[in-house]
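Below is one structure, written out as structure tokens; comments come after it.
The values are calculated or read from the model by the stated rules, or taken from the named source; none is laboratory data. In this text, all values refer to a predicted model and were calculated from it rather than measured experimentally. Cβ atoms come from the backbone with ideal geometry, glycine included; neighbour counts cover every protein chain shown.
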Amino acid sequence: MELKLYDTLTRDKRLFRPIDPVRVRIYVCGPTVYDFAHIGNARPIIVFDVLFRLLRHLYGADHVTYVRNITDVDDKINARAAEENPGLALNEAIRIVTERTERQFHEDVAALGALPPTIEPRATEHIAEMRDLIERLVAAGNAYVAEEHVLFAVPSMKDYGRLSNRPLDEMLAGARVDVAPYKRDPMDFVLWKPSKPGEPAWPSPCGIATPGRPGWHIECSAMSWKHLGETFDIHGGGIDLVFPHHENEIAQSRCAFHTPVMANYWMHNGFLQVEGEKMSKSLGNFVTIHELLNTDTFGGRRWPGEVIRLAMFMTHYRQPVDWTVNRLHEAEIRRARWMGPHAQRGVPEKGRVSQSMLEALLDDLNTSEALVALDELARRSRAADETGPADLANDLAASLVWLGLANDAEFEYARAESKDLRDTVAAAMVGVEKEKISALVDARNAARKAKNFKEADRIRDELRTMGIELEDKKDGTTDWKVRR
Ligand SMILES: [Zn+2]
């Protein structure tokens with residue numbers, strides 16, 4: 001089994017060879033934690049989760065290190081914190097914003113079926129490594145101090161700009177650099193800057209007296225170095241990060257360590273637009289993962305995480321995606337076909353992961369072909385005699401679980417023969433005791449009988465927060481199930 005990946009730097013698709021097959025190393029730029037993650041942010045999370053799963057399959061789960069950082073120092077965070085908590089000291093206000101956003105991000109991406117990365121480092125915990133890198137760059141003549149800033153001297157690097165491969169004037173326009181008077185060259189970028197009183201601040205490098213804070217790019221060079229080494233296998237992120245962020249990461253890391261490459265493969269997922277338009281808050285088409293999962297704002301209903309994930313797989317990761325309600329409907333119908341009665345006999349642990357699905361993924365993560373392989377497997381599984389051996393149903397279940405499009409509990413739930421057993425599995429799925437759920441359902445029905453609808457609604461909402469959906473039957477009884 002050979003994995004081929006497209007490398008943005010060399011602009012070709014080639015065989016993946018890890019530097020060390022017992023320690024395959026991948027770094028992906030993670031979120032800046034100041035606001036809900038939007039559906040564009042979900043794309044790299046889902047794409048690189050598939051790559052992580054595939055690498056674990058090829059090299060063994062213990063032999064792959066996936067690092068995805070959390071950016072918790074940023075001017076946008078400072079601004080949001082000051083706006084939300086004007087009465088608090090800025091550091092305290094920042095802590096409130098970043099902790100809440102990080103928790104929300106973890107909830108969102110778990111619902112999308114993304115495995116947690118091996119290491120999730122925070123920028124603020126790597127300031128010492130950033131200072132170290134900055135001092136190496138100054139010592140090597142690739143950076144300089146000016147007016148208490150430290151800047152990377154772009155002309156000092158002969159082959160700067162190979163990743164984005166754009167003419168200098170285009171890069172300048174793209175970087176939207178402010179041509180500050182202390183810059184020797186307009187392309188030079190900030191490694192470190194002084195903090196104003198009240199802003200987050202750390203002791204500065206290079207003997208600068210005023211405490212300061214890092215520029216954006218240096219954090220990823222520092223965290224990938226700390227956790228993956230000077231050179232590693234794969235660096236990933238969204239296409240919008242190619243320039244200036246990744247270009248500058250390369251400049252920093254290669255010049256600090258005198259290495260020919262930072263990572264051997266650079267992978268970038270394509271843009272995402274919503275219903276044919278660029279997503280923006282001003283157009284009112286800004287879609288967060290949280291809204292898709294938990295509110296009725298997109299297409300008038302909530303969408304299960306597995307459907308969102310599947311909808312993303314329908315387009316190759318390097319192509320642009322148009323995120324539409326129709327796409328989600330299509331994904332939902334497709335998944336329902338796989339999860340029909342024929343699949344319900346499936347036991348994931350007893351099945352083999354579809355070889356044709358894996359082969360599609362080995363070809364630069366061709367997810368849309370992988371879905372075709374699942375369609376075919378489901379078709380054969382359906383055609384098999386209901387009373388015959390469940391081999392194909394098992395294989396289908398194993399493949400869906402492998403790709404993160406279903407979980408073990410769903411199959412257990414479907415196989416459960418009695419309502420009582422289904423309730424037990426469902427309660428375990430949401431991590432709440434079955435007796436507690438029944439008691440709440442009874443309390444709600446009692447409140448309804450007493451015409452206390454406010455209390456009845458409150459209990460329904462409480463159950464909904466737990467992940468339980470109620471269904472009132474015509475005969476006056478109420479069923480409950482896991483919210484999909
Ligand atoms: Zn980064």
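Residues that are in contact with a helix residue (DSSP H, G or I) (Cβ under 8 Å, 6 or more places away or on another chain), more than 28 Å from Asn294 (Cβ to Cβ) and modelled with pLDDT of 95 or more are absent from the stretch 38-51. On the basis of being of a type in the set (S, T, N, Q), within 16 Å of the ligand (Cβ to nearest atom) and in a helix (DSSP H, G or I), does Asn41 make the cut? Yes; evaluated as a whole, the condition is true for this residue.
Against the list (1) buried (at least 19 other Cβ atoms within 10 Å of the Cβ); (2) more than 16 Å from the ligand (Cβ to nearest atom); (3) among the β-branched types (Val, Ile, Thr), the condition Ile208 fails is (1).
Within the stretch 253-282, take every residue that is in a helix (DSSP H, G or I) and small (Gly, Ala, Ser) and give me the one that is farthest from the ligand (Cβ to nearest atom). Only one residue tops the list, namely Ala256. In the stretch 139-155, how many are crowded, with 20+ Cβ neighbours inside 10 Å and within 20 Å of Ser195 (Cα to Cα)? Residues that pass the stated criteria total 5.
For the stretch 70-106, residues that are closer than 23 Å to Met223 by Cβ, of a type outside the set (A, V, I, L, M, F, W, C) and in a helix (DSSP H, G or I) total 14. Whenever a residue of the stretch 127-151 is within 16 Å of Ser224 (Cα to Cα), its partners that are part of a loop (DSSP other than H, G, I, E, B), lying with C-beta atoms within less than 7 angstrom and at least six residues away or across chains, give the pairs Arg131/Pro205; Ile134/Pro205; Ile134/Cys206. Has the stretch 71-81 got at least one residue that is closer than 29 Å to Ile19 by Cβ, within 16 Å of the ligand (Cβ to nearest atom) and crowded, with 21+ Cβ neighbours inside 10 Å? Yes, because at least one residue in the stretch 71-81 is closer than 29 Å to Ile19 by Cβ, within 16 Å of the ligand (Cβ to nearest atom) and crowded, with 21+ Cβ neighbours inside 10 Å. Can you go through Arg162, Arg166, Arg213 and tell me which one is crowded, with 21+ Cβ neighbours inside 10 Å and either within 16 Å of the ligand (Cβ to nearest atom) or not in a helix (DSSP H, G or I) (or both)? Testing whether each residue is crowded, with 21+ Cβ neighbours inside 10 Å and either within 16 Å of the ligand (Cβ to nearest atom) or not in a helix (DSSP H, G or I) (or both) leaves just Arg213.
Whenever a residue of the stretch 327-338 is in contact (Cβ under 8 Å) with a residue 12 or more places away in the chain and on the phi > 0 side of the Ramachandran plot, it has no partner that is charged (D, E, K, R) and outside any helix (DSSP H, G or I) lying with C-beta atoms less than 8 angstrom away and at least six residues away or across chains. Contact map, the stretch 23-38: first residue part of a loop (DSSP other than H, G, I, E, B), second residue within 11 Å of the ligand (Cβ to nearest atom) and polar (S, T, N, Q), Cβ cut-off under 6 Å, separation 6 or more or different chains; pairs are Gly30/Asn69.
I'm checking my understanding of the structure. Among residues of the stretch 169-191 that are more than 16 Å from the ligand (Cβ to nearest atom), without any contact (Cβ under 8 Å) to a residue 60 or more places away in the chain and not in a loop (DSSP other than H, G, I, E, B), which one is farthest from the chain's Cα centre (by Cα)? Here the residue is Asp169. The residues of the stretch 220-252 that are among the small types (Gly, Ala, Ser) and away from the ligand (no atom under 11 Å from the Cβ), listed by number, are Gly229, Ala251.
With respect to being at pLDDT below 90, among the acidic types (Asp, Glu) and assigned to a loop (DSSP other than H, G, I, E, B), Asp420 falls outside the description.
Within the set Thr32, Thr8, the sole residue that is within 15 Å of the ligand (Cβ to nearest atom), more than 30 Å from Asn78 (Cα to Cα) and touching a strand residue (DSSP E or B) at 6+ places or on another chain (Cβ under 8 Å) turns out to be Thr8.
Listed by first and then second residue, the pairs with beta-carbon distance under 8 Å, at least 6 apart or on different chains, first residue in the stretch 242-255 and at negative phi, second within 11 Å of the ligand (Cβ to nearest atom) and modelled with pLDDT under 95, are His245/Trp216. Do we have Thr315 as closer than 19 Å to Leu400 by Cα, at pLDDT 95 or above and polar (S, T, N, Q) here? When the stated conditions are applied, Thr315 passes them.
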